Structures are given as structure tokens and as C-alpha cells.
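These notes concern the structure reproduced below.
Coordinate-derived values only; no laboratory data. The model shown is predicted, which means the values in this text are computed figures rather than measured ones. Neighbour counts run over all protein chains shown; Cβ positions are idealised from the backbone, glycine included.
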Amino acid sequence: MKNPVNILTLILFLCAINIAPFSRGRLYAEVTAEDSRDYYPEAYTFTQKGNFEIGGVAGTPSGLNARYWITDSFGLDLSAGIVLKGDFYYSADLLYEFYDLYRAGGWRLRFFTGFGSMGGFRNNDAYRDIRVPVGVSMPFLRYPFCLSAFVAPAWEILPEKKAAIDFGIAARFNFGLSSRIRDREAELKWRIITIKKNYDQVKTKLDKTGKELDGAINELNKTRGDLGSTRGQLDKTIGSLTAAKGELDETRTELSTARQKLDTTIGELESTRGRLGQATREIHSMKKDLDNAKARLDEAHMELARTRKVLDDREAELKNTQAEMDRTRAILKTEIEGKEKAAEEKKLASKQEELNHIIQKYKKERAEWEKQSQEQKKKRLGFQTKCEARRGIINEEGYCDCREHEQWNTDRSACECVKGYRLNALSLIHISEPTRPY
């Protein structure tokens, strides 16, 4: 009979330990302040860490029961009392309370398990067992009380080895929650006193504001009398303004005649302005094209210079490689004979073929560079022609600039003499001076 009881006890112990990973609820450590407001908005945030509970238990044994929570999930449970036969027992268990079976606005139903031992005396003999308590707790959130019930499969060590079951129902007073409730009530009283004090301050300010408003009303009445006298003076001023208006009407007639003459002049000026605007746009367009062409030419020139350097380096490298291969071929003719010579000649022929392929590729790249260089010279010649159309010359830095004793006009469309003499567009076509070749 003992073997089945032992197996049952072992199964209950393993189930109690392994049920935590498969729980579907949320641990208390995962409950946030927002959860607290959702489940019990008028209660305090649920926490057990540091709480001390004391009360009574009915079961094995029946007597005093106390709990102290080390963290929100781990706690110590201590009991001392007697059973129906009058034997004295005491117990100590380490509890692990990790899962909420049910939540309500003012209480919770939480599952716990643990490991511990119960000792005492049975029929004047020493008694000792080890047990695994499994049960539920119902802590209240608005009142400092907690109820719990448990069943503990146990294995007796003394006076004889056999299986047993302990059980109990307990009710305890929670000193930690009681302290927090008192602190909350003190905080509410302080808030009420603060609100009342603020109300008195606001009332005092309102009374002071009422007196200030009465003074302002008296000032307004006094100001109304001053406005009456001011109105009489304004009536006199209106008469003077009426006379001045007649004189202004005569002046307006004269201004209308002058305005007609100005309108005619403005029409002629607008016509001239239109022609000047069109000429200015054409000049600005030419200047923009020249500047853009200069930037593109400079960029292309720099790119061609870089490409030429790369090609020169490659040409030198290819010449060195060919010279090295010629020296190797001469050594093969004089120093090596037989099969080794044939193998080395075969390798040398393969390298020579690869080098010939690279030389052909280099020649194509060189021809392409020569072609781009010719195109660049043509573009530079076109840039020079446009610069000469503005009566400019290409300076040493490659920019379009004016000659000595000349300067650009206000919109940089053409060069003009320093003294102010400016050639017209027709004469610019026939001017040419030697320029720096690109």
C-alpha cells in the first residue's frame, strides 16, 4: 500500500513544480499600474513585498498562522497549534504565489505552491514530515484581510516513514496593506486641506478684484465727461476740414491733368522697358550658357587629365612587363634545357598572349581618350568664340575676362572701357584678339 501512496505524492509534487511554465495568466510582476486602474480603480496598487500577515488557521494544525512576503511572489508561512487529539504541531513553508486564478475590483484569487516541513509531537513521540503545500489565497484590496486554503501532500520521516496529507483554512490580518490604507487616508486629508486653502486664496483674490472693478467704473464715468468736452472741439475741427476739402478738390483737378500727361509718358517708358527687358534676358541667357559651358569644360578637362595619367601609368607598366618577359625568354634560351625548358616556354607563351590582349585593350582605351580630347578642344573653341562675342578674352585660368583698361558692365553681358565708352553689339562681331590656346 505504501508504494502507490509514495507514487501519488511524487506526482503531485512534480505537478506543483512544473505548472508555472504552462500557466495562461499573468504573473503579478507583469501587472502594471494601468492594469491596477482597470481591475480596481478605487483600490490601491496590489503588492505583497514586505507585507506581514498574522491570524488563525483551522486544520493540521489549528492555531496561529503568520506570513511574511520576501517578494511579491515568494513568502514564508509559519503555523503553530494543536489537532483534535491534543497533539502540538508547528510548520514552516516557503511559498511561491505566481498565478491569478481570478481578479475582481476588490479582491483576487491567487494560486500558490511551495515546499516545507511540519514538526511536533504525536502521542508524546517526536513527529517530523516534509510536504508540498498547494492552495489558493484571497487577498482583499480595500481591506487589510487575507483568506487562504491549502492541501499539502506530505511524507512522514518520524516516527515512521509513510505518506500523509495536511490541510488548513486560514484568515489573517495584513499589516502592510493596513499601513498603506492609513497613508492613503492621510494623503486624502492633506489634499482636502490644500483644496480648502486654495479656495480661500481664490475667494480673497475675487474680493480684491471686485474692489478694483468698482474703482475702474468710477474712472470710466469720469472719462465719459472728458469725452463730451472733446466732442465739442471735434465739431469745430470738422468745419475747418470742410473748408480744406474744397481747396483739395481744386488741387485734385490739377493733379488729374498732370496724371494724364504722366500716363502717356509711362506708356512710352513701358514700351522702352519691354525692349530693354527682352535684350537683358537674352544677355543673361548667353551669360548663363557661358558659365555652364565653362564648368562642364573644366570638369571634362580634369577628367581627361586623370585618364591620361592612368593610361601613361598603364603604358609604363606594360612596357616593364614586356621587358621582364623578354629577359625571361633570353634566360630560357641559355640556362634551361630539356622538358623543363619546354614547360617554361609554354608558360611564357601563355603570359605573352595574355599581355598582348592587355596591350590591345590599352590601345583601344588610348584611342578613346584621344577622341575625347579632340571633342574637348572643339568645345573649348566654342567657349572662346562666345567669350569673344562679349568682347572678352580667355585668361590664364581659363575664364572669360576683359582686356586691360576695360571692365564688365553692370550685368556682365559685355566689356566696356573704364572711362565709360561701350561698343555696340554690331562692332563686337568684327573684333578679334589672340587668345591663349587651350
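Descriptive notes on the structure:
- Region 278-390 - charge dipole about Cα centre, Lys and Arg +1 at Cβ, Asp and Glu -1, debye rounded to 20: 580
- Rounded, prolate or oblate (a/c below 1.5 giving rounded, otherwise prolate when a/b exceeds b/c) for region 171-294 by Cα gyration tensor: oblate
- Sorting Phe111, Phe145 by the number of Cβ atoms found within 10 Å of their own Cβ, with the fewest placed first, yields Phe145, Phe111.
- Too-long pairs where the Cα-Cα distance tops 30 Å, listed order kept, from Lys341/Lys363; Lys347/Lys371; Lys319/Lys378; Lys85/Lys162: Lys341/Lys363; Lys347/Lys371; Lys319/Lys378
- Within region 264-349, the GluC sites (Glu not before Pro) that combine a DSSP coil assignment with at most 13 other C-beta atoms in a 10 angstrom radius are Glu337.
- Whole-angstrom gap from region 121-168 to region 42-99, using each part's C-alpha centre: 10
- Least to most buried among His301, His357 (fewest other Cβ within 10 Å first): His357, His301
- Residue order, fewest to most beta carbons within 10 Å, for Ser178, Ser62: Ser178, Ser62
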